[in-house]
Structure formats: structure tokens, C-alpha cells
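Take a look at the structure set out below.
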Amino acid sequence: MRIIRICLVFFVSAGLCVVAASGAMAGPAGSGESPLRMLSTADSSRGWEAVGKLELDGVGFCTATLIEEDVVLTAAHCLYDKSTGRRVEDERVAFLAGFRNGRAVAYRRARASYVDPEYVYDSPSRLARVAHDLAVIELDQPIRLPSLRPFATARLIPRDGEVGIVSYAQDREIAPSLQETCHILGRDPGVHVLSCIVDYGASGAPIFAQTSSGPQVVSVVSAKATWQSRPVALAAALEGRIDALVAGVRRAGRMFRDGRKRVRLLSKSEAMSQSGAKFVRP
């Protein structure tokens, strides 16, 4: 077992580090990574239109992926306002599929959202926060276009650790960028340490494995970090958790369609913060 020392810079102040044991390594760091390539034309972006920009009115943006006709996958922390630590209202969230040069292939607003129940926004355990940094959003209308197919999700990662990423990010938010080849450098329970290039805004971006059926999502970008003096990405591994997440957002969506007041099913951190309980350190 190899010890990985990771300095998180998305969630915590620069320089604060955590130490984690990684049970599996996937090849030498920095071997064979391809550069980022902006998908700025219709031809270059063909086949990737299901990756889109997630806009949060007044909060910022993330990356998200259509995984069913009316469900997108992203990072849980994208749905929180970092200035307040509270969830962003669903009506302030919009998905812009295939957004490029000011236009989207499809535009949908959120009807309901569901965060991994184990996710705690301000958890002191940084790696646990990354491991559960998953959320799904039910759209107000399905996206049914011949040119835009939802991406499948995979339960297993490739044996050679080779993956790719499509993301929007700071200073390249006008179009998605593709890195065809990067690698899983290490794993912790629920966490992938990746050589993929990420920056602010790439949160929620899909990590793809190439399969005989085409690219499939294996994890979701949660944070950027430094490891062995090099920048890395941290991603929440899907590992068969998608079915439960989709079932959760379907329940929330049914409540909305039944005419009830717009609701969200609370994550553990929200339930604790709204319970009125107070905790005092000794």
C-alpha cells in the first residue's frame, strides 16, 4: 500500500494537506498524457454534446453530463453557495448541453436535485467529502435530439488506468475542452487521483473510460490538488452508485409534479444544519 500526500486547493485553503493510503496505482505519473483541445467547432464537438455547462444564477458555473434524457450528473458541491454554505435553489440552476460560443444545443432548467446522502459540505474529512461529491439533477423537460445521446456510466475503471475528460473551466468557459488521455494515478475508497488537467469550473466534469460501447463515465471531478509536487485532479468514483442517486431525484421530481411545494431531499449535512442541534467542542 502506497501513501499519498495530497494538498487540496478546491475545497480548502492552499497548503492544507491530507494524507491518505492508496491501495492501487495505475502506472507512472505523467506518462502519455495528451494536451487539452478546445472543442470550438461543430465538427470537433460532435459526439460530446451531452456534456454541458451547469449555470447557477448568481453563484457561478460547473460542468455536468446528461446520463438520461432528463437527468444530468455533476458534483454535489456545485449545488452549494460557498458564501453561505447552503444549497442553491433548484429554480436557479440551468443545464446548457453542448454549450459553445454563446449557444447551447439544448437548454433546460432544473426541476429537482438530489445529493449523495453521505455528502457533507463542510466535512472535516476532505477525502470523505470528495468520495461523496456526487449529485444528479432532473431537468424540467427531457432532451431528445438525434445528435445528443446521454452517456452511459460504468461500474469499473479500465485496467490500464487510461481515461479522458471533457470540461469547462475558468478562462475556457466559452466551449468545452477535451483531454483524450490522462491516467488514474491512485485510488482511495470512492476517490480517483488523476493526472487530468482541471481548473475552477471543471467541477462536475465527467471522467470517461473508452469501452467497446464507446466512452462511459467512471467518475466526476471534485477538486484539484497537488501530489508529489505536481497538479492532479480528485474525482468521486461512481462505483455503482448512480441507480440510487437517480432513484432519489425521481422521488423529488414526483413530489414537484404532484403539485407540492418545490422540495429537495436533504443530504446529511443539510439535515444536521437545519435540525437546530448545536455542538460545542470541549
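What follows is calculated from the coordinates using simple rules that are stated; it is not laboratory data. In this text, all values refer to a predicted model and were calculated from it rather than measured experimentally. Don't worry about glycine lacking a Cβ; one is built from the backbone with ideal geometry, like all the others, and counts go over all protein chains shown.
Converting phi to 3J(HN,Hα) with the Karplus coefficients 6.51, -1.76 and 1.60 and the offset θ = phi - 60°, segment 234-241 yields 10, 10, 7, 6, 6, 6, x, 8 Hz in sequence order, with x at every glycine or proline.
Segment 53-131 to segment 157-223: how many Å between their Cα centroids? After rounding, the separation between the Cα centres reads 17 Å.
The alpha carbons of segment 2-264 give a radius of gyration and a Dmax of 17.1, 54 Å, in that order.
Express the relative contact order of segment 2-264 as a whole percentage, based on alpha carbon pairs under 8 Å and six or more residues apart in sequence. Walk me through the numbers before you get to the answer.
Details: 665 pairs, mean separation 62.6, N = 263.
Value for segment 2-264: 24 percent.
Where does each of LYS82, LYS224 land when they are ranked from fewest to most other beta-carbon atoms within 10 angstrom? Numbers along the way, then the final one.
Details: LYS82 11, LYS224 23.
Neighbour counts put them in this order, fewest first: LYS82, LYS224.
Relative to the current alpha-carbon distance between ASN101 and ARG37, full extension at 0.36 nm per residue lengthens the span by 21.5 nm.
Approximating the spin labels as points 7 Å out from Cα along Cα→Cβ, the GLN228-to-ARG251 distance works out to 4.2 nm. The relative contact order of segment 28-164, computed from alpha carbon pairs under 8 Å that lie at least 6 residues apart in sequence, is 27 percent.
Put simply, the amide H of ALA223, placed in the peptide plane, has neighbours under 5 Å in LEU234, leaving out anything fewer than 5 places away on its chain.
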